[in-house]
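Novice: The structure that follows is given in the form of structure tokens.
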Amino acid sequence: MSIRPATHRASGRARRAALLEAAVAVIAEQGVAGATHRSIAARAGMPTSTTSYFFSSLDDLVAAALEVVGQRIVARVDAVTASVADAGLGPRASIDRFVDAVLAEPEPDTVAQFEIYLECVRRPQLRATAHEIMASIERGAETSLRALGIAHAQERAPMVVALLDGLALHRHARPRGALDRQVVREALYALHRGFVEADAEAGTETGAEDGAEDGATAST
């Protein structure tokens, strides 16, 4: 049995990685429907037959490319979450840092992220990747909320993620430059204020209930 030399294996890995990056670029530009063996190979500067050498089907290639995007998003979210949590910043400074990270997201990855979500309806095998991305972003939001002293962080994290995803879709449909940053920042400020006010109101109600119970106990 012949054993391929390490240089050959390294070259194979590099070509496979190049095909995946080309697939991400094509998906971002043309959608999943535009991702064909020909368009991906052409983007990578390789013969069309190369895709079939590394992937058993076009679906496998597309799924692998979107998994790469998912892994990158997960890594970036985890990194910025750790940065915000460890810095011990106040609410506005924490939100500003988070917004910087959100808006620094490479556009092809962001577009491909939403392609994953939409394509899950037609390709259920992508749901695991989509769920991993969503769960990671929600974990990041939960950690950030806890660091800011917000109660019910786990239940509220999906609200933060839904807000960010909605604004990201608007940002790509109607880019407005510096105004986009302001909108994301102010929306997160407002959501944070809402959480703080709701917690304070809940605390006041709890205190009133406790006082009533104490009074009833004393009267007996």
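Every number here is computed from the coordinates shown, using simple stated rules; none is lab data. Bear in mind the structure is a predicted one, so any value in this text is a computation, not a measurement. Glycine also receives a Cβ, built like all others from the backbone with ideal geometry; neighbour counts cover every protein chain displayed.
Novice: Might you report the magnitude of the Cβ-based charge dipole of segment 66-143 about its Cα centre, with Lys and Arg at +1 and Asp and Glu at -1, to the nearest 20 debye?
Specialist: Dipole size: approximately 140 debye.
Novice: For n ≥ 4 DSSP H runs only, could you compute -39500 (n - 2.57) per run for the chain, divide by its residues and tell me the 222 nm figure to the nearest 500?
Specialist: Details: 9 runs with 179 residues, N = 220.
That comes out to -28000 deg cm²/dmol.
Novice: Evaluate E = 1/(1 + (r/R0)^6) for Gln30 and His152, where r is the Cβ-Cβ distance and R0 equals 30 Å; express this FRET efficiency to the nearest 0.05.
Specialist: 0.15
Novice: Using the Cα atoms of the chain, I'd like the radius of gyration and the largest Cα-Cα distance, Dmax, both in angstrom.
Specialist: 23.3, 91
Novice: Can you tell which of Ala93, Val24, Val184 lies farthest toward the positive end of the dipole of the chain, using +1 and -1 charges on the Cβ of basic and acidic side chains (Lys, Arg; Asp, Glu)?
Specialist: Looking along the dipole axis, the top candidate is Val24.
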